[in-house]
Amino acid sequence: ELAMARSPGRCPDCPGPERAGAGAGGGGGDPPSVPHLGIAVDEGNVLPGALRLMRELRPGWEPARVKTKLFTDGITNKLVACYTDEGMADAVLVRVYGRKTELFVDRETELRNFQVLRAHGCAPDLYCAFQNGLCYQFLPGIALGPDHVRDPHIFRLVAQEMARVHAIHANGSLPKPILWQKLHKYLTLVKTDLSPKVSNPSLQQDMPSLEVLEHELAWMKDTLSQLGSPVVLCHNDLLCKNIIYDQTQECVRFIDYEYTGYNYQAFDIGNHFNEFAGVKEVDYRLYPSKETQLQWLHSYLQAYKRLTQGDRGDAAVSEQELEALYVQVNKFSLASHFLWACWGLIQDKYSTIDFNFLRYAKLRFKQYFKMKPVVTALQISK
């Protein structure tokens with residue numbers, strides 16, 4: 001409880017906006033430029049390319065002393081750490097983009113968002129971009145699992161960190177949510193790229209037709225955009241493994257900003273709640289109960305109000321605000337199921353990562369249709 005008494009501000013070692021210089025999505029100007037190296041890393045064999053990058057980035061390292069560690073949790077990219085220090089304190093992460101991921105990830109935007117988050121103390125240092133990836137600082141700590149995100153102590157930290165990202169303001173402009181554009185793009189990819197595959201019986205089984213998907217997307221846009229959820233800078237992919245918990249600093253940090261962009265506040269939270277069910281072994285019985293959600297949302301709203309209103313406002317959270325956000329979040333969780341189901345179908349066609357994307361897509365569609373009547377019945381009391 002003592003640790004929770006600290007303001008939800010930043011980890012002690014995170015720079016504040018005052019140290020970040022202008023242009024980080026807060027003031028004018030552009031974020032500092034990132035070196036671009038003309039090196040391509042072979043996705044099928046990342047180590048030689050990773051070591052070549054180290055010769056450029058860390059010329060002082062003796063090649064014979066460089067150790068590597070391959071991470072296998074990611075289902076979009078390949079990730080390897082290079083380091084010389086046993087404790088990995090000096091580790092550089094090399095992330096190699098997955099095959100054809102440029103179809104659904106805008107890499108320029110990702111780079112810009114990485115720099116904006118970094119300037120606000122919400123992301124690690126970015127060392128360079130190369131032809132098919134990025135190199136950045138390794139954050140110490142543990143990547144969370146479904147057990148951690150249900151622990152009240154940790155989930156309060158997650159809620160507060162999400163509020164901190166959401167409080168980064170756009171440069172005086174009113175940003176549009178990327179949700180509808182992204183959903184249209186994914187559904188178009190599903191239609192154009194997968195039509196030859198539709199004759200595949202395993203795909204047709206338990207799969208809604210394209211007409212049904214078109215209808216659902218129109219219904220969601222019509223319904224969800226009326227809910228009044230504010231548009232904020234969102235992570236948009238807050239699965240457990242994208243949250244690093246540093247016990248020594250008693251804080252959490254978010255990693256992987258491929259899907260980051262301005263979006264509905266309730267989408268980001270609803271998407272995170274869906275991820276309580278896990279990725280490799282999905283179990284929707286782990287979706288947070290209403291009681292857990294209300295505790296989570298209370299921590300979030302308190303931090304968000306404090307960060308956006310400053311000393312002017314009252315950080316007290318009313319029952320009405322809490323209930324309204326609960327309804328918005330659970331309705332927006334539908335859009336998250338729909339988005340990742342379409343994503344799974346696209347990945348199933350192109351990805352070289354060993355993961356059953358088709359099964360995952362079917363699970364997400366199934367959950368969408370199961371939850372639709374439940375969340376449609378929720379009403380925001382006037």
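The values are calculated or read from the model by the stated rules, or taken from the named source; none is laboratory data. The model shown is predicted, which means the values in this text are computed figures rather than measured ones. Here the Cβ is made from the backbone with ideal geometry for all residues, glycine too, and neighbour counts use every protein chain on show. When the accessible area is computed, the model is the full protein with side chains, heavy atoms only, and any ligands, DNA or RNA have been set aside. Shrake-Rupley method; radii C 1.70, N 1.55, O 1.52, S 1.80 Å.
What the table below lists for this structure:
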item	result
Cα centroid separation - the range 122-175 against the range 245-303, whole Å	11 Å
Where labels lie 7 Å past Cα in the beta-carbon direction, separation of residue 205 and residue 40 in nm	3.8 nm
Cross-link reach list, aspartates and glutamates versus residue 182, counting only Cα pairs under 17 Å and skipping chain neighbours closer than eight places	102, 106, 108, 110, 193, 214, 216, 222, 237, 258, 268
Per residue solvent-accessible surface (Å²) - the range 131-190, probe of 1.4 Å	42 Å²
Percent RCO, i.e. relative contact order, over the range 253-331, from Cα pairs under 8 Å lying at least 6 residues apart	30 percent
Accessible-area value, residue 240, 1.4 Å probe, nucleic acids and ligands omitted, Å²	10 Å²
Length-normalised contact order of the chain in % [C-alpha pairs under 8 Å, at least 6 apart]	18 percent
Among 314, 283, 256: highest mean-square fluctuation, GNM of the chain, C-alpha pairs under 10 Å	314
Computed lengthening from residue 218 to residue 292, 0.36 nm per intervening residue step minus Cα-Cα distance	23.5 nm
Backbone HN-Hα couplings from phi across the range 88-99 [Karplus 6.51/-1.76/1.60, Hz, Gly and Pro as x]	6, 5, 9, 4, 10, 8, 10, 10, 9, 4, x, 4
Difference of contour (0.36 nm per residue) and Cα-Cα distance, residue 86 to residue 176	27.9 nm
Residue of 71, 365, 332 that the Gaussian network model of the chain assigns the largest fluctuation, springs spanning Cα pairs under 10 Å	71
Estimated FRET transfer efficiency (residue 150, residue 71; beta-carbon r; R0 35 Å; 0.05)	0.90
Cα Rg over Rh - the chain, Kirkwood	0.96
Share of alpha-carbon pairs per 10 Å distance bin for the range 36-137, given as whole %	15, 48, 33, 5
Surface share of carbon and sulfur [accessible, 1.4 angstrom probe, percent] for the chain	52 percent
Estimated 222 nm signal from helices in the chain, with DSSP H stretches of n ≥ 4 weighted -39500 (n - 2.57), rounded to 500	-14000 deg cm²/dmol
Two-site FRET efficiency, residue 227 against residue 284, from Cβ-Cβ distance with R₀ of 25 Å, rounded to 0.05	0.65
Cα centroid separation, the range 304-382 to the range 74-110 (Å)	26 Å
Over 29 Å (Cα to Cα) - which of 78/290; 305/366; 221/366 fall in this group	78/290; 305/366
